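The values are calculated or read from the model by the stated rules, or taken from the named source; none is laboratory data. The shown structure was predicted, so the numbers you read here are calculated from the model rather than taken from an experiment. Cβ: placed from backbone, ideal geometry, glycine included. Neighbour counts: every protein chain shown. To get the accessible areas, we keep the full protein, side chains included, count just its heavy atoms, and leave off ligands, DNA and RNA. Shrake-Rupley method; radii C 1.70, N 1.55, O 1.52, S 1.80 Å.
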There are 2 protein chains.
Amino acid sequence: MSEPIIKSKKTQREINGIPTEVVCTEFSNYIFVVLTQFGKIGTLVSVTPDSRSNDISTTPFSTKVLLGKDEPMTHVCAKNLAMFVSQEAGNRSVLLGLALKDSSIDTIKEMKEVIKSCQVW
Amino acid sequence: MSEPIIKSKKTQREINGIPTEVVCTEFSNYIFVVLTQFGKIGTLVSVTPDSRSNDISTTPFSTKVLLGKDEPMTHVCAKNLAMFVSQEAGNRSVLLGLALKDSSIDTIKEMKEVIKSCQVW
C-alpha cells in the first residue's frame, strides 16, 4: 500500500467567544473545508475558479449552494473564506461546509487564519 | 473549550487489489463518508431517510447527487453503502463521496465492512 492519499487536519479555537471547529481535507480535485460553530456540517457550498472568465473586473469564482439555505450572505462568506484556499491549492475547487453563528467581517478574518493553521494543500 | 464536537476516522485497505481510502466524519446532522479509489472526492450524494414514507414496500431513503455525474448506478451504490450508516446513526442523513473504480456487489460488501471499521457515530 502506498502513502495515504487523503490528508486531513482539524483544530478548534474560540472566535469572538464562540467555540469554532475547522476540518480541512485534501482531495486531488477538491479541498474540503468545514467551519462549524454548531457541530453541524451546515450549508454546503462549492467554490469553483471560473477558467472561462476573461473579465478582470469580476471575481473569477462561482459559488453554488449544494445543501442548505441558499442566501446571498452565504455566497459572500464562502467566496471570502475559500478563494485564498483555492488559489494556494493550485486553483482546485473548494467544498465548504458553513455553520456559523457569527459571520461578521472580523470573525471571517479570524476564520481564515484558523483555516491556514489547518493547511493540507 | 469543550471536547471536539467533530469526530473523524480514516483507514485504507486494498479491496479486490485496489487501494481504497475511507474517511468518516460525524456531524450532528450528517455523517460524512468518503470512499475513494482515485484520491478524488468523487460524486457527492446525499442519502436521506424519508420520514414521510408510509409505504413499507418502498425503500424509505431518498438519494440526491449534489456534485458530479448523476447516474442510476450511483444512487444504487449510495443507498447500498449508506443506509446502514443512517440507521445506526439514529436516522441521520449521510453525505457520501464516491470515487470508485470497481462497484461490483462483492466490492460494495467489503466497503461496508471498511466503513464499519471507521465508525464515528
Query raised in the report: Taking into account only those residues within the range A:101-110 that are open to solvent by less than 80 Å² (accessible area, probe 1.4 Å), modelled with pLDDT under 95 and touching a strand residue (DSSP E or B) at 6+ places or on another chain (Cβ under 8 Å), which is nearest to A:GLU26 (Cα to Cα)?
Result: A:THR107
Query raised in the report: Can you find even one residue in the range A:2-9 that is away from chain B (no Cβ under 14 Å) and without any contact (Cβ under 8 Å) to a residue 60 or more places away in the chain?
Result: no
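What residue, among those in the range A:19-32 that are among the hydrophobic types (A, V, I, L, M, F, W, C) and crowded, with 24+ Cβ neighbours inside 10 Å, is farthest from the other protein chains (Cβ to nearest Cβ)?
A:CYS24
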Query raised in the report: Scanning for something under 12 Å from the mean Cα position of the chain (by Cα) and either farther than 16 Å from B:LEU44 by Cβ or within 14 Å of chain B (Cβ to nearest Cβ) (or both), does the range A:53-62 turn up at least one residue?
Result: no
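I'm checking my understanding of the structure. Among residues of the range A:58-89 that are in a loop (DSSP other than H, G, I, E, B) and not β-branched (Val, Ile, Thr), which one is surrounded by the fewest Cβ atoms within 10 Å (Cβ to Cβ)?
Step by step, filter the range A:58-89, then rank; the result is A:LYS69.
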Query raised in the report: Among the residues of the range A:33-46 satisfying the criterion of being open to solvent by less than 10 Å² (accessible area, probe 1.4 Å) and among the hydrophobic types (A, V, I, L, M, F, W, C), which is farthest from the chain's Cα centre (by Cα)?
Result: A:ILE41
Requested in this report: Scan the range B:97-104 and give yes if some residue there is basic (Lys, Arg) and assigned to a helix (DSSP H, G or I), otherwise no.
Outcome: no
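Does the range B:111-118 contain at least one residue that is over 16 Å from B:LYS9 (Cβ atoms), in contact with a strand residue (DSSP E or B) (Cβ under 6 Å, 6 or more places away or on another chain) and of a type outside the set (Lys, Arg)?
From the range B:111-118, those over 16 Å from B:LYS9 (Cβ atoms) are none; that's our starting set.
No, there is no match, as no residue in the range B:111-118 is over 16 Å from B:LYS9 (Cβ atoms), in contact with a strand residue (DSSP E or B) (Cβ under 6 Å, 6 or more places away or on another chain) and of a type outside the set (Lys, Arg).
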Report task. All but one of (1) at pLDDT 95 or above; (2) farther than 23 Å from A:SER8 by Cα hold for A:ASP50, so report the exception by its number. Result -> (1)
Requested in this report: State yes or no: is A:VAL34 touching a Gly at 6+ places or on another chain (Cβ under 6 Å) and within 19 Å of B:PHE27 (Cα to Cα)?
Outcome: yes
